[in-house]
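Peer 1: One structure follows; several queries about it will come next.
The values are calculated or read from the model by the stated rules, or taken from the named source; none is laboratory data. A quick note: this is a predicted structure, and the numbers were derived from the prediction, not measured. Every residue, glycine among them, receives a Cβ derived from its backbone with ideal geometry; neighbour counts consider all protein chains shown.
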Amino acid sequence: MTESLSFTKVCGVDEPLLDVLFVHGITGDPKDTWVSGKTNEYWPTWLCTDLPGVAVYSLGYPASLFEKWAKKEMDLFERAGNALEYMAAKGIGNRPLAFIAHSLGGLLVKQIIRKSCDAEDEHWKQVCQATRLVVFLATPHSGSSLASVLKTALPRFSSRHIDLLSNDLGILTDINQHYRSFANGRADVSTVAYYEKYKTAASVLVVSKESSDPGVAGTTPVAMDKDHVTICKPRDKEDLVYLGIRRHLEKALTSCRMPPASVNDESFAPDDYGVKTEEDRRDLLQKLIAAGREHEYSQANNLQNKFAQNYVKLGLYTTARDDNDRLLSEVEQRFLTHIYHPLICKGRPDEEIRNALQTHVIDAVYEERASSRGFGKKTILSALYFLTEQCHIRWDPGS
């Protein structure tokens, strides 16, 4: 069992279409957890052979954190932030992402996603935006099943703490409700759940069908002829656990290869926002001064710089880049339709413009589509200033 956080690239190409991150569970190990039960091979490497276009990683952490977390020391929440910082440093989130999680590792994955979706740090937020697939291998989603895992894996664990978990203090419910909302609100995210049918050596069925169900629309937990330990150790490439995971990763890869969605009535084809237009080549400061908004410059420049740095880091052909382009297109079109032509060009008062900007651009974009893709209202405002710097919009009526 690892004693500190580790993040290892297992195999894969340098410029993958899809990153795959394995996350072990309690008393687990970033390598030993994922060793084949028959061939003794490190089976995540099979994916790089069978699925060209993926890169595989394994996250390791002190699994005893779950014992501390259960005692209300909140290490699960701290570890999620710790893991996100490591992932951001390694570029995880720059490309579409799939999680494969065993047992309580699934709780950590759900908390990582939640912390990412709520983050102010753009690089942390990319993990939420990039997630396309989550596979739960015998993950308990209710208090009683979590208690069963702890009784089996940590028999020395205090029964008092297990009882608290069985009665459910609301923490598990809160984490899972967020994940349900996240997964149900994202058409591009798939959730897969496998559960064991055999009892462990301790004669315990750790995670039942009911407790393995995350409650996500379209997700039906699938039974496996395994126990809680062997479910993450496929015998060979014909093992159903491996075949199932590979099939869902293939689907995720296919979606990564698909071209951007065509233009329709609800979406505008994105321009190349990385290149400044030839119209109105004034910079952000000049435009704000012309509009009498120079007092906004410091904040506006900081926000647009953060957006620009993230935008450049996404590269040219990634799903996350497409999401950002669509956000920029939606913000631009709403600004021109609801703010620039009817208000700015007609000299309407600043207060009216500010209220309309909040209602018809920031709130409207967030409520209609941006929130489901993991973008917050601050990101939408950052996009607005980025569009100004890139010469796609202006704040004064012009000549």
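The rows are residues; the columns are (1) assigned to a helix (DSSP H, G or I); (2) crowded, with 24+ Cβ neighbours inside 10 Å.
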site	(1), (2)
E85	yes, no
F99	no, yes
L107	yes, yes
I112	yes, yes
K115	yes, no
E120	no, no
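Peer 1: Okay, moving on. When the residues of segment 360-393 are narrowed to those that are buried (at least 20 other Cβ atoms within 10 Å of the Cβ) and part of a loop (DSSP other than H, G, I, E, B), which ends up modelled with the highest pLDDT?
Peer 2: Here the residue is I393.
Peer 1: Separate question: For segment 1-43, which residues satisfy the criterion of being crowded, with 17+ Cβ neighbours inside 10 Å, assigned to a helix (DSSP H, G or I) and either without any contact (Cβ under 8 Å) to a residue 40 or more places away in the chain or among the hydrophobic types (A, V, I, L, M, F, W, C) (or both)?
Peer 2: Hit for segment 1-43 is W34, nothing else.
To keep it simple, each residue is scored yes or no on (1) modelled with pLDDT of 90 or more; (2) buried (at least 17 other Cβ atoms within 10 Å of the Cβ); (3) touching a His at 6+ places or on another chain (Cβ under 9 Å).
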| site | (1), (2), (3) |
| --- | --- |
| P214 | yes, yes, yes |
| M224 | yes, yes, no |
| I245 | yes, yes, no |
| C256 | no, yes, no |
| N264 | no, no, no |
| G274 | no, no, no |
| E278 | no, no, no |
